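Shown next, in structure tokens, is the structure this report addresses.
Derivation of every value follows stated rules applied to the coordinates shown; laboratory data play no part. Being a predicted model, the structure only gives us computed values, none of them experimental. Because the Cβ atoms are built from the backbone with ideal geometry, glycine has one as well, and the counts that use them run over all protein chains shown.
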Amino acid sequence: MSTGPGILAPVTALGAATLRLLGEMGAMFLFLADGLRLIFASPKQIPKILNQVFVIGSKSLFVILLIGVFTGMVLGLQGYYTLVKFGSEGLLGAAVALSLIRELGPVLTAIMVTGRAGSSMAAEIGVMRITDQIDALDVMDINPMAYLVSPRIAASLISFPLLTAVFDVVGILGGYVTGVTLLGINEGVYFYRIQTSVEMADITGGFMKSLLFAVIVATVSCYQGYFTHMRRDGVGPEGVSNSTTSAVVLSCVFVLVADYALTSFLL
């Protein structure tokens, strides 16, 4: 009995989608490798990197402070009303600190920076692509990867751990405001539990996550902008818009997937 083409259509579509995904992942990995290599291509990279540290790191500081303090306050509030049921409210400091340092600090920092700086990277490079500015760099014998991508990857590797550290500290202080100031937990007990519960492995794991997320966000955002002209779902301004949207969505998805994978490895 012959098999009609309609029966195999779903399998064919799935295979084609899988091949496209694998090809896209491979191209993105090569894009990252080239960007990392060119970070050290010339001392002239240093001013570009410092400028991107300002754009990615310094300009994201306010939103990190804001989100960090309210995240800590919410953790303090929810943690208190959970722990008080078991007569363990003295452990609030440890619960807030470990939640932030191990998990919420790196993840929320990455997502916030993706929304603020990642979208900007994709849009800026995408506009340069559709207005032929990247081609002009090639004509002037300036490597576009070294000029546009490598400084952003390097700046992300510098900025993400620093912003994560700020988020953690501010979040712990936010938990202090809720737990000690508003709910009456002993101040000494709050900080003592943090001191005795948080280990260097927890801090190291959080910073490892922040470095991995920095690579993911910078690579995905720059890649989407750099290849805006090759998109199938739009050209010109529509392509830039779609590239920016894809950069934010894919970065957040990859951050959460990588967070699960790295957490499984570290535990």
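A few remarks follow.
- Per-residue ellipticity at 222 nm, computed for the chain from helices alone with -39500 (n - 2.57) per DSSP H run of at least four residues, works out to -25500 deg cm²/dmol.
- Contact order, relative form, for segment 136-267: 25 percent (alpha carbon pairs under 8 Å, 6 or more residues apart, mean separation divided by residue count).
- Kirkwood-Stokes translational diffusion coefficient of the chain, alpha-carbon pairs, 20 °C, 1.002 mPa s, µm²/s: 105 µm²/s
- Rounded to the nearest 20, the Cβ-based charge dipole of segment 60-266 about its Cα centre (Lys and Arg +1, Asp and Glu -1) stands at 340 debye.
- For the chain: relative contact order, % (alpha-carbon pairs under 8 angstrom, 6 or more apart): 31 percent
- Ranked list, fewest to most other Cβ atoms within 10 Å of each Cβ, for Val107, Val240, Val180, Val189: Val189, Val180, Val107, Val240
- Lysines whose Cα lies under 27 Å from that of Lys48, excluding same-chain neighbours fewer than 8 positions away: Lys59, Lys209
- Separation of segment 59-104 from segment 198-267 is 25 Å, based on Cα centroids.
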